[in-house]
Amino acid sequence: MQKKNSGIKIFAPASVGNVVCGFDVLGLAVKGVGDEVIAYFKEKPGLEIVHISGAKGKLPYEVKKNTAGLAAWRLLEYLGKTELGIALELRKKMPIGSGLGSSAASAVAGAMAINELLKRPLEKRDLLPFALAGETLAIGGQAHADNIAPSLLGGITLVRSSNPPDVQRLPIIPGLHLSLLSPELQVLTKEARSILSDAVPLKDFVRQSANLGAFVAALYRQDFQLLRRSLEDFVIEPQRASLIPQFYPLKEAALEAGALGCSISGAGPAVFALSANSLVAEEVKEAMSEIWTRAGIDHQAWVTEIDMEGAKKM
Ligand code: HSE
């Protein structure tokens, strides 16, 4: 039997889905915040989750009900190795149900932990479908790769299709920083999706597609002003704003403090803003944080950059 200290540890970053104008298709990886999965061989055959920390008892140990477990299991099935004795430990190091891609980070780390433990039978990019399989548990149906893709690959990603995965990594503009705030509230992605209307008025569809195209062009042209103009969501944000306490005052404070754009992170309730450098991002964080502090909303706040590496062995 191999010992735990001959196992491997994977870190997968948190992520911001949608990135304002790309509902279900844009995502970016968050540096320094994320989950860890440790995997090692054990004598008893089969995959088992032996320890979960940082989840306040909210996550199941049953492999097929846990996003990290299910992603790991699907990969073992694909490789024909389900009989191997493998133990997983999940260390949640970010808020759950926050809109920061918590379930995606766990699913990515679960799939990657198995791949690394088995000496990399697949390329990193080929782990997308297995991580997505884990993420279905959070969505309650076909998952979208807008959190999975950046958590696995790093950077800013554009998902042309989740099934089969067709993911493009976009360039970033040097200096781009994030201000992130996560309140002590939980909004389930399933619920935040159930309130969305199926119909999009034609004029909003046109404006939204123009912004998404301009967002991509801004990254390739390294153009902060075009990026600023493209960071508007006419479709999803107005429908979800009421799920987030003080959303509009928060956004106004971020823009007044100099942010390029501000919106809901994924399905919320976390919010984020993008800024052209770390000094502005600090001021934006302070300005947003003050709104929630005044309203008595407990929250965590970070200033960070985009993680360019994605999931990695520690
Ligand atoms: N893009 C999704 C949403 C979140 O906003 O509902 C994760 O796929």
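The values are calculated or read from the model by the stated rules, or taken from the named source; none is laboratory data. Predicted model, so just to flag it, every value in this text is computed and none were measured. Using ideal geometry, Cβ is built from the backbone for each residue, glycine included, and neighbour counts are taken over all protein chains shown. Remember, those area values only see protein heavy atoms, side chains included, never the ligands or the DNA or RNA. Shrake-Rupley method; radii C 1.70, N 1.55, O 1.52, S 1.80 Å.
Table for the structure above
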{"read-out": "Dipole magnitude (debye, nearest 20) for the chain, charges at Cβ of Lys, Arg, Asp, Glu", "value": "860"}
{"read-out": "Extreme residue, positive dipole direction of the range 177-305, given options 212, 254, 301 (C-beta unit charges)", "value": "212"}
{"read-out": "Isotropically averaged projected area of the range 134-276, using the convex hull of Cα atoms (one quarter of hull area), nm²", "value": "9.0"}
{"read-out": "Förster-model FRET efficiency, 25 Å R0, residue 298 and residue 188, C-beta, rounded to 0.05", "value": "0.85"}
{"read-out": "Peptide ranges 226-233, 153-160 listed from the most packed, as the mean C-beta count within 10 angstrom indicates", "value": "153-160, 226-233"}
{"read-out": "Under 5 Å, built H, 5+ apart or other chain: amide partners of residue 25", "value": "18"}
{"read-out": "Percent RCO, i.e. relative contact order, over the range 177-305, from Cα pairs under 8 Å lying at least 6 residues apart", "value": "41"}
{"read-out": "Per residue value of the accessible surface for the chain (all protein chains in place, 1.4 Å probe), Å²", "value": "42"}
{"read-out": "Accessible surface of the chain, 1.4 Å probe, proportion on carbon and sulfur as whole %", "value": "53"}
{"read-out": "HN-Hα J in Hz across the range 98-104 - Karplus 6.51, -1.76, 1.60, θ = phi - 60°, x for Gly and Pro", "value": "9, x, 9, x, 5, 5, 5"}
{"read-out": "Over the range 1-127, volume per residue of the alpha carbon convex hull, in Å³", "value": "107"}
{"read-out": "Dipole of the chain, positive end: most advanced residue of 82, 59, 144 [Cβ charges, Cα centre]", "value": "82"}
{"read-out": "Peptide ranges 68-77, 174-183, 207-216 listed from the most packed, as the mean C-beta count within 10 angstrom indicates", "value": "68-77, 174-183, 207-216"}
{"read-out": "Positive-end residue of 188, 114, 162, charge dipole of the range 69-199 with Cβ unit charges", "value": "114"}
{"read-out": "5 angstrom amide H check on residue 84, placed H, neighbours 5+ away", "value": "46"}
{"read-out": "Nearest 10 degrees, 0 to 90: helix 67-79 Cα axis against the chain principal axis", "value": "50"}
{"read-out": "Residue-wise HN-Hα coupling along the range 11-27, computed from phi with Karplus coefficients 6.51, -1.76, 1.60 (Hz; x: Gly, Pro)", "value": "10, 10, x, 5, 8, 10, x, 6, 6, 6, 9, x, 3, 6, 10, 9, x"}
{"read-out": "Net lengthening on full extension, residue 50/residue 207 (0.36 nm per residue, minus Cα-Cα)", "value": "51.6 nm"}
{"read-out": "Lys, Arg +1 and Asp, Glu -1 on Cβ, resulting dipole of the range 142-268 about Cα centre, debye, nearest 20", "value": "280"}
{"read-out": "Simple label model, 7 Å out from Cα along Cβ direction - residue 279 to residue 120, nm", "value": "4.1"}
{"read-out": "Calculated [θ] (222 nm, deg cm²/dmol) that DSSP helices of n ≥ 4 give over the chain, each run adding -39,500 (n - 2.57)", "value": "-11000 deg cm²/dmol"}
{"read-out": "Exposure of residue 94 as accessible area (Å², to 10), given a probe of 1.4 Å and all protein chains", "value": "10"}
{"read-out": "Dipole magnitude (debye, nearest 20) for the range 95-207, charges at Cβ of Lys, Arg, Asp, Glu", "value": "260"}
{"read-out": "Mean shadow area of the range 83-169 over all directions, Cα convex hull, nm²", "value": "6.2"}
{"read-out": "Residue 220 accessible area, 1.4 Å probe, all protein chains in place, Å² to nearest 10", "value": "140"}
{"read-out": "Pair-distance profile P(r), taking every C-alpha pair of the chain, with 20 angstrom steps and integer %", "value": "36, 55, 10, 0"}
{"read-out": "³J(HN,Hα) computed for each position of the range 129-136 - Karplus, 6.51 cos²θ - 1.76 cosθ + 1.60, integer Hz, glycine/proline x", "value": "x, 6, 5, 4, 4, x, 5, 4"}
{"read-out": "Cα long-axis angle, helix 247-256 against the chain (0 to 90 degrees, to the nearest 10)", "value": "70"}
{"read-out": "Mean separation of Cα contacts under 8 Å, 6 or more apart, over the residue count of the chain: relative contact order %", "value": "24"}
{"read-out": "Residues with amide H under 5 Å from that of residue 261, placed H, sequence gap 5 or more", "value": "274"}
